[in-house]
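The structure appears right after this line, and notes come after that.
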Amino acid sequence: MIKIKKLLPLLVLAVVIYSCATNPFTGKKTMALVPNSDLFPTSFAQYDQFLSENKVVTGTEDAQMISRVGERIAAASERYLSANGYHGYLNDYKWEYHLVDDPTENAWCMPGGKIVFYTGILPVAKSETGVAVIMGHEVAHALANHGQQRMSAGMLQQFGAVAGNVVLQDENDRNLFNQYYGVGTQVGAMLPFSRSHETEADKIGLYIMAIAGYDPTEAASLWERMKANSGGGEPSELLSTHPSNDSRISNLRELAPHAIHEAKKFGVTSFRE
Ligand SMILES: [Zn+2]
């Protein structure tokens with residue numbers, strides 16, 4: 001009799017191959033044990049719960065600015081993906097953008113386009129363009145399914161992913177979800193992105209912000225401010241989940257002209273103040 005233990009690696013391999021999705025930006029196959037059809041309802045429910053438990057800012061200039069940048073980043077994402085042959089890729093997205101009154105220096109985008117900015121990140125963002133840098137980067141992680149890949153890898157590690165597609169229904173699954181998607185409210189509850197995911201999100205984010213009409217040359221300055229700001233006092237939550245280094249800043253400087261060139265293809269020849 002063949003021991004089930006011997007079969008397990010094969011089984012895991014089969015599950016991984018079965019559960020692949022394509023990253024529209026790189027064309028590469030990526031691991032997705034939880035399909036979007038299961039992931040998005042969980043994401044939307046967690047987002048609503050987060051909003052109900054936090055102080056959502058409405059009606060202020062800052063809140064309106066977050067919505068405005070959000071709408072432009074969302075529209076730019078749709079245009080970019082359509083132009084690259086991914087029509088309908090964002091059909092199940094339900095974009096939403098909110099500012100919450102919280103001194104934490106953080107911002108995130110959950111699967112399906114659910115975005116939160118914390119008031120604590122606005123001083124380091126400094127301007128609408130700074131907000132667009134951060135939002136473009138966060139949305140890029142969502143578009144490239146980085147959270148999904150990390151969660152799938154985490155599931156394989158923790159559970160061996162014996163079940164094929166995983167339905168997120170119990171408390172443990174939801175905690176896992178929060179760990180990988182930035183909803184964690186305790187410091188250290190959310191795990192950092194890998195360097196390759198950071199580099200990918202920087203590039204996609206830069207393209208999207210430029211197509212949305214925001215100057216991509218500002219991105220390097222934003223990350224410089226973020227780094228300088230992290231010297232004293234409270235640690236930056238955003239930096240803890242998005243590990244940064246000096247090569248990021250030089251990489252962003254090199255990429256900015258490419259983003260400007262890309263934006264021209266979409267008729268964007270000058271950028272907002
Ligand atoms: Zn990141």
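Just so it is clear, none of the values below were taken in a lab; they were calculated from the coordinates. Computed from a predicted structure; not experimentally measured. Virtual Cβ from ideal backbone geometry, glycine too; neighbours counted across all protein chains shown.
See the values below:
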quantity: Equivalent ellipsoid dimensions for the range 31-130 as semi-axes, Å, which come from the Cα gyration tensor, largest first; calculated: 25, 18, 11
quantity: Charge sum, other residues only, whose C-beta stays under 15 Å from His242's C-beta, Lys/Arg counted +1 and Asp/Glu -1; calculated: -2
quantity: Qualifying aspartates and glutamates (Cα of each under 14 Å from Cα of Lys94; at least 8 residues distant if same chain); calculated: Asp48, Glu71, Glu78
quantity: Links that overshoot a 25 Å alpha carbon limit, given the list Lys203/Lys265; Lys29/Lys227; Lys28/Lys203; Lys29/Lys264; Lys114/Lys264; calculated: Lys29/Lys227; Lys29/Lys264; Lys114/Lys264
quantity: Long-range amide H partners of Asp102 with built H, under 5 Å; calculated: Thr119, Gly120
quantity: Residues Asn245 and Ser37, FRET efficiency given R0 of 45 Å [Cβ-Cβ distance, rounded to 0.05]; calculated: 0.80
quantity: Whole-Hz ³J(HN,Hα) from phi, Karplus 6.51 cos²θ - 1.76 cosθ + 1.60, for the range 100-106, glycine and proline x; calculated: 10, 7, 7, x, 4, 8, 7
quantity: Selection from Val116, Phe44, Ala74, by position along the positive dipole direction of the range 21-134 (Cβ); calculated: Ala74
